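Note sheet for the following structure.
The values are calculated or read from the model by the stated rules, or taken from the named source; none is laboratory data. Here the structure is a predicted model, which is why all the values come from computation and not from measurement. Backbone-built Cβ (ideal geometry, glycine too); neighbour counts: all protein chains shown. What goes into the accessible areas is simple: the full protein's heavy atoms, side chains included, and nothing from ligands, DNA or RNA. Shrake-Rupley method; radii C 1.70, N 1.55, O 1.52, S 1.80 Å.
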Amino acid sequence: MSVEHLTALDPIFSECLRVGGPAIRDFSRPSGFVGLLRMVMEQQLSTRVALALWAKLQQRMGGAVTPEAILALDDESLRACGFSRQKIGYARGLADAVASGRLDFDVIHTLSDEEAISRLVALKGIGRWSAEVYLMSTLDRPDIWPIGDLAIQLGVQRLKGWADKPTPRQLIEVAEPWRPYRSFAARLVWHHYVALQEQARAARAGKGSPPP
């Protein structure tokens, strides 16, 4: 329903499917501590690098990434898994909040979008982008539009043919007609953006054609 609704509203979504293909990429994440910790790790990293570092962390912990395990690791071990000094502080703060019960995901998951975002951004290192993507990718909230996401900004700019990167106001206004499916709209823009990145890498390696 959301695909048909969005493609009928705006031709950019048909373009997303044309470039990215009909099988939309899976951007889901696990919920709870693991999911939010991944948001912290993924900040300012490419998807490929973040996945590799997450796999390294899982291996270091024997597959079970828990608050207690994060708190037990020394800084050197966390750095070896890709955490910067700043992110080590964020990860430990998140782990402590969960382990102590100050952050209860069962409660967070019952709140409205804005209430949940407000609770999450109260944690150091969890900005609005992390909170919004958490709600989208772990709880499947249907109407989140993460205007602070660089891929959304550049993706909408390209899809709309705009000369400049859109402002926050422009991104809010362009997405108003897409309610209540803005989360799916974001996934389609990501789908398009990732496809172009993959095509560009393939072209540089001499294995494909440049992106359209």
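Output the Cα-based Rg and Dmax of segment 118-212 in Å, rounding Rg to one decimal and Dmax to a whole number.
Values for segment 118-212 (Cα only, Rg and Dmax): 15.1, 47 Å.
Which aspartates and glutamates have a Cα less than 20 Å from the Cα of LYS87, not counting those fewer than 8 places away in the same chain?
By straight Cα distance, LYS87 reaches GLU42, GLU68, ASP74, ASP75, GLU76, ASP96, GLU132, ASP149.
Return the loop-located chymotrypsin sites (Phe, Trp or Tyr not before Pro) in segment 150-187 (DSSP other than H, G, I, E, B) with at most 16 other Cβ atoms within 10 Å of their own Cβ; answer none if there are none.
In loop regions of segment 150-187 (DSSP not H, G, I, E or B), the sparsely surrounded chymotrypsin sites (Phe, Trp or Tyr not before Pro) are TRP162.
Based on a Kirkwood Rh over C-alpha pairs, give the Stokes-Einstein translational diffusion coefficient of the chain at 37 °C and viscosity 0.692 mPa s in µm²/s.
Values: Rh = 18.5 Å.
The calculation lands on 178 µm²/s.
May I ask you to evaluate 6.51 cos²θ - 1.76 cosθ + 1.60, the Karplus curve with θ = phi - 60°, for each residue of segment 85-101 and list the ³J(HN,Hα) values in order in whole Hz, giving x for glycine and proline?
The phi angles translate into 4, 5, 5, 4, x, 5, 5, 5, x, 5, 4, 5, 4, 6, 4, 7, x Hz.
Would you kindly derive the ³J(HN,Hα) couplings of segment 147-161 from the backbone phi angles with the Karplus curve 6.51 cos²θ - 1.76 cosθ + 1.60 (θ = phi - 60°), listing them in order in whole Hz, with x for Gly and Pro?
Using θ = phi - 60°, the values come out as 5, x, 7, 5, 5, 5, 4, 6, x, 5, 4, 5, 5, 8, x Hz.
Could you do me a favour and compute the accessible area per residue for the chain, 1.4 Å probe, result in Å²?
Working: 10860 Å² over 212 residues.
Per-residue value: 51 Å².
Can you put LEU17, LEU94 in order of accessible area, largest first, using a 1.4 Å probe? Write out the running numbers ahead of the final one.
Details: LEU17 40, LEU94 5 Å².
Per-residue accessible area, sorted high to low, gives LEU17, LEU94.
VAL121: accessible area at probe 1.4 Å, nearest 10 Å²?
It works out to around 60 Å².
Checking the a/c ratio against 1.5 first, then a/b against b/c, what shape does the Cα gyration tensor give for segment 1-70?
Numbers: a/c = 3.39, a/b = 2.58, b/c = 1.32.
It is prolate, given that a/c is not under 1.5 and a/b is the larger ratio.
Taking all protein chains together and a probe of 1.4 Å, list PHE13, PHE27 from the most accessible to the least accessible. Provide the component values of the computation, followed by the final result.
Numbers: PHE13 0, PHE27 45 Å².
Correct descending sequence by accessible area is PHE27, PHE13.
Could you tell me the center-to-center distance, by alpha carbons, between segment 28-91 and segment 126-180 in angstrom?
25
Given 20 °C and 1.002 mPa s, how large is the Stokes-Einstein diffusion coefficient of segment 47-143 in µm²/s, with Rh as the Kirkwood radius over Cα pairs? Please list the in-between numbers first.
Values: Rh = 14.4 Å.
Diffusion coefficient, whole number: 149 µm²/s.
Amide H to amide H, which residues 5 or more places from ARG29 or on other chains are under 5 Å from it, using H placed in the peptide plane?
THR138
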